[in-house]
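Structure first, commentary second.
The values are calculated or read from the model by the stated rules, or taken from the named source; none is laboratory data. This one's a predicted model, so the numbers in the text were calculated from it and none came from an experiment. Neighbour counts are summed over all protein chains in view; Cβ atoms, including those assigned to glycine, are modelled from backbone coordinates with ideal geometry.
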Amino acid sequence: MIASNKLPINLDDLLRQRTVEGERIEYKAGLNPDAIIRTLCAFANDFENLGGGYVVIGQDCDADGRPVFPPVGLPDKQLDRIQRELLAHCQLIQPPYFPILSLEVVEGRNLIVLQAPGGQTRPYKAPEAVTASKKTWRYYIRRYSSTVEAKGETEQELMSLAAKVPFDDRFNQFARVDDLAKALMQDFLEEVGSALAMDAPGLSVEALGRQMNVAGGPTESPWSKNVGLLFFNETPERFFPGVQIDVVWFPEGAGGDRFDEKIFKGPLARMTREALGYIERNFLHETVIKHPDRAEATRLWNFPYAAIEEAVVNAVYHRSYEEREPIEVRISHEELVVVSYPGPDRSIRMEDLKAGRAVSRRYRNRRVGEFLKELQMTEGRSTGIPKILKEMAANGSPAPLFETDDDRLAFVIRLPRHPLALVPTDTPQVTPQVTPQVTRQIAALLTVVDGDVTRQAMQQALGLADREHFRKTYLTPALEQGFIEMTLPDKPLSSKQRYRLTAIGRQWLKAHPGGDSA
């Protein structure tokens, strides 16, 4: 354990459980060696592939398990002793396992945070009492917010997971640590508000990768993990063929002779955001239906964006990165279909899935889910399907369809278009009108363009760290649709280049002063 480590996520979000579920955090007001070692063992076993967890020492909690602020904290003079004791006690876990230790200060109080990712060589066992002269070792797992001993069938199932580390958390023997792009790692840390972002410029790629748990192995032969290559390499398809999103448009329907295809590749988060931005700009249309008997109009979308976002991110999260099949988004006038491979885990019954009650026993990509959640691209914990159902209903759309085959080889999410979108209505008193499309990204951008501004100023105002993502998803679409313009259009790469609202942009912003694109 290295006391100078920094957490790769925002500490405040961690303590307040904004990015990590309560079952993955345990609070200890002081050093309780027996309970702490048992919990670290349980997180290392990662029985449900949730990504391990965190033990926060010096943080007390109320009767409901919620952290109390300010925390009780740890005295300065005890920090070195506690670290030495933790190091000694962790050596009792078998096979050898050591969490990552970070010293943190919250509201002037010292905390020790132990990050315990799922181990590579499970199952792990720990003594019931670390200070006992005669020790009895047990296997421990997490059940909701408690650490319990694995017994009976649960112990047998844990034994069956021996050496079965999820693919995204494995070392990639065909890549080097230098295949991780430090710039992408720093952008991620800045976006999630990690204190590690301040130290990152002075660290080597290997040191930064180890602290973010996307690299590991012996010092003389470090390895990149698959999840690191998926998120922090510019061309992950070199290592994982089929890591791409294909957006296919069928203007004549799926049975027609014509189709247009656009392929998105690159780091996982950027690829997902760019594919969603492309779909939103080109295929989503709002219909405004005015009524003669009342002032309020009915507004609806052919496909609600939030449902599409959830379906696509769900595919990115749960697909297999060992298979060479891309994620497909197939769009026609009648439906939008998201196809990914393979299908849902066999522990999920289709009737539960269709009803929005599906809960998986084990997640296929525990680390991919971790990063997507920290980027606020997913909530995790089986909330995707219920959200799709909710968003389709809120838009007045037909219910979505969820399909798979008996062998669970593929998973298909069908989103039917709204019956009143893009078609005339039979009711003579109602007149449909299709309004110009303004994406959420364009709407957000327009609110920060005040006079002549630089690209850096707009990006900073929006809190975006990834320059390429900002350019493709925000700046270029706004320029192409005529909402903003360059002050030096003949010199697009000039260091003196500025951007300003056009007449169309000013008119739209006047009609939507809060930047609400709806």
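Some observations on this one:
- In the set Gly58, Gly53, only one residue is touching a residue at least 40 places away in the same chain (Cβ under 8 Å), touching a strand residue (DSSP E or B) at 6+ places or on another chain (Cβ under 8 Å), surrounded by 24 or more Cβ atoms within 10 Å (Cβ to Cβ) and under 27 Å from Ser160 (Cβ atoms); that residue is Gly53.
- Selection over the stretch 491-505 of residues that are part of a loop (DSSP other than H, G, I, E, B), surrounded by fewer than 11 Cβ atoms within 10 Å (Cβ to Cβ) and not polar (S, T, N, Q) gives a count of 3.
- Any hit, the stretch 311-332, residues being over 20 Å from the mean Cα position of the chain (by Cα) and more than 30 Å from Pro166 (Cα to Cα): yes
- Scanning the stretch 175-219 for residues that are touching a residue at least 12 places away in the same chain (Cβ under 8 Å), in a loop (DSSP other than H, G, I, E, B) and more than 18 Å from Arg367 (Cβ to Cβ) yields Arg176, Gly193, Ala195.
- Pairs meeting the criteria (first residue in the stretch 309-321 and surrounded by fewer than 24 Cβ atoms within 10 Å (Cβ to Cβ), second residue part of a loop (DSSP other than H, G, I, E, B) and at pLDDT 95 or above, beta carbons under 7 Å, at least 6 apart or on different chains) are Tyr321/Phe240; Tyr321/Val243.
- Failed condition for Val72, given (1) in contact with a strand residue (DSSP E or B) (Cβ under 6 Å, 6 or more places away or on another chain); (2) over 24 Å from Gly217 (Cα atoms): (1)
- Leu501 vs. criteria within 14 Å of Val449 (Cβ to Cβ), modelled with pLDDT of 90 or more and within 30 Å of the chain's Cα centre (by Cα): no
- Any chance Gln441 is under 30 Å from Met198 (Cβ atoms) and at pLDDT below 90: yes
- Residues (under 25 Å from His318 (Cβ atoms) and at pLDDT below 90) located in the stretch 193-219: Gly216
- When residues in the stretch 1-35 are screened for being modelled with pLDDT of 85 or more, out of contact with any strand residue (DSSP E or B) (no Cβ under 7 Å at 6 or more places or on another chain) and over 18 Å from Leu74 (Cα atoms), 1 of them pass.
- Failed criterion for Gly277 (all others in (1) crowded, with 23+ Cβ neighbours inside 10 Å; (2) at pLDDT below 95 hold): (1)
- Of the criteria (1) surrounded by fewer than 22 Cβ atoms within 10 Å (Cβ to Cβ); (2) at pLDDT 95 or above, which one Pro222 fails: (2)
- Filter pass, Arg258 being part of a loop (DSSP other than H, G, I, E, B), free of Cβ contacts under 8 Å to residues at least 24 places away in the same chain and surrounded by fewer than 21 Cβ atoms within 10 Å (Cβ to Cβ): yes
- Residue identified as exposed (fewer than 14 other Cβ atoms within 10 Å of the Cβ), touching a residue at least 24 places away in the same chain (Cβ under 8 Å) and under 30 Å from Asn172 (Cα atoms) among Leu101, Leu92, Leu158, Leu87: Leu87
- Filtering the stretch 133-174 to residues that are over 23 Å from Arg24 (Cα atoms), assigned to a loop (DSSP other than H, G, I, E, B) and small (Gly, Ala, Ser) leaves only Ser133.
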